[in-house]
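First up is the structure itself, then whatever we jot down about it.
The values are calculated or read from the model by the stated rules, or taken from the named source; none is laboratory data. Here the structure is a predicted model, which is why all the values come from computation and not from measurement. Neighbour counts are summed over all protein chains in view; Cβ atoms, including those assigned to glycine, are modelled from backbone coordinates with ideal geometry. When the accessible area is computed, the model is the full protein with side chains, heavy atoms only, and any ligands, DNA or RNA have been set aside. Shrake-Rupley method; radii C 1.70, N 1.55, O 1.52, S 1.80 Å.
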Amino acid sequence: MSTNDNKELRVGMVGYAFMGAAHSQAWRTVNRAFDLPLRVRMAAVCGRDEAKVSEAADKLGWDGYVTDWRELIARDDIDVIDVCTPGDSHAEITIAALAAGKHVMCEKPLANSVAEARAMVDAAAAARESGIRTLCGFNYRRVPAAALMRQMVAAGRLGVIRHVRAVYLQDWITDPQFPLVWRLQQERAGSGALGDIGAHIIDLTQYITGQRITGVSALTETFIKERPIPAEASGLAATGNGQAVGQVTVDDAALFTARLSGGAIATYEASRFAMGRKNGLRVEINGSLGSLVFDLERLNELEFYDATKPSAEQGFNRILVTEPEHPYLSAWWPPGHIIGYEHSFTHQMRDFVQAVAEGVDPHPSFEEALGVQLVLEAVQSSAASGSAWTQVAQPAVPVAA
Ligand code: SOE
């Protein structure tokens, strides 16, 4: 690991699209919102197109830019590599960065396959020996209302967990003319809605309940099977109007039932064809003493049904999660002044920087992210075998800190 005496944590980020922009916002703000032992320096951003990445560096607040990620990990003035690329490059970049002694934050899902995820876990375990830290970017854990949900479940406020009910619904590709972008290609993304947004509700529900998914029965569907691409792409059939088309090789939607390690039973739905739902993540947990509901579209609120109250007072109460005692909120505004989607990334950077400074492992670890990858694999296997019940192999580590 490079020497760095002036308490800076120098970051290099690979990729500058949606997640790169969200991470940049978080790196820019984390030291202004939280008192941290290290000050983040946004040293450089990496992208293949020099004109575009130089513009992104300027717009997103990076000191400089490079066009080859290998140059970034070779620099001794970089301490952290933040991987914000499509899934097919997560393993190569991460493993090389760890070997070069860099801490790594890698976007979710960790990899495009269990084999890649295992290789990343092994590389992280080896690097940990020299104090290198890693985190996988399941940011929704760090929405304060979701973190409060976990605290309340862990404190027994719901009693024995019976049901988990989780959906993550979008509708950005319902137009058949929407082009064949990387998220719709198996070799780039690994899977479709399942790995992109299904991974979030898998991680979030395991984190909130402290239980692991042990088995699944699944259905997947690809509603639109071919899409237009730029005509210059090679090896693709042309439609009647001469426009080149390509095969969609991932799921548009994935539905599965599951059993959890603590005895709960669960339903999961991840779809990019839920017309009208833009980023609709909702988790409901039903227990023997009550229920909790988290809805990303109302992310400053948590609905709580407390069955221990007198029956005359029963009902779902709305907790406004903006008090200073709520997770992360003391860094922001007075009660009632709500926060947004982007704050979850700032909270993620806060926990990462603090963990690096303290010399402890941040969460979710690559091992926890491998746990998500194993569920993704089981869902795909079940769907391919006519929804057969499929056991999920379990990694050796607990679900979440
Ligand atoms: C998909 O459109 C996506 O950008 C996911 O990749 C992100 O992880 C999610 O937070 C928002 O939606």
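Observations
- The set of residues from the stretch 153-179 being more than 15 Å from the ligand (Cβ to nearest atom), crowded, with 19+ Cβ neighbours inside 10 Å and in a loop (DSSP other than H, G, I, E, B) comprises just one member, Leu158.
- Members of the stretch 96-113 found to be closer than 13 Å to Ala189 by Cα and outside any loop (DSSP other than H, G, I, E, B), listed by number: Glu107
- Odd one out for Ile265 among (1) more than 14 Å from the ligand (Cβ to nearest atom); (2) open to solvent by 70 Å² or more (accessible area, probe 1.4 Å); (3) within 28 Å of Ile224 (Cα to Cα): (3)
- Within the stretch 205-226, the set of residues being in a loop (DSSP other than H, G, I, E, B) and out of contact with any helix residue (DSSP H, G or I) (no Cβ under 7 Å at 6 or more places or on another chain) comprises Gln211, Thr222, Phe223, Ile224, Lys225.
- In the stretch 133-151, the residues that are closer than 17 Å to Leu110 by Cα and among the aliphatic types (A, V, I, L, M): Leu135
- Boolean, Val121 is modelled with pLDDT of 95 or more, closer than 20 Å to Gly47 by Cα and more than 13 Å from the ligand (Cβ to nearest atom): no
- Positions within the stretch 327-338 being β-branched (Val, Ile, Thr) and under 16 Å from Arg28 (Cβ atoms), in sequence order: none
- Test: residue in the stretch 140-158 that is more than 25 Å from Arg272 (Cβ to Cβ) and among the polar types (S, T, N, Q): yes
- Scanning the stretch 192-209 for residues that are open to solvent by 10 Å² or more (accessible area, probe 1.4 Å) and more than 12 Å from the ligand (Cβ to nearest atom) yields Tyr207, Thr209.
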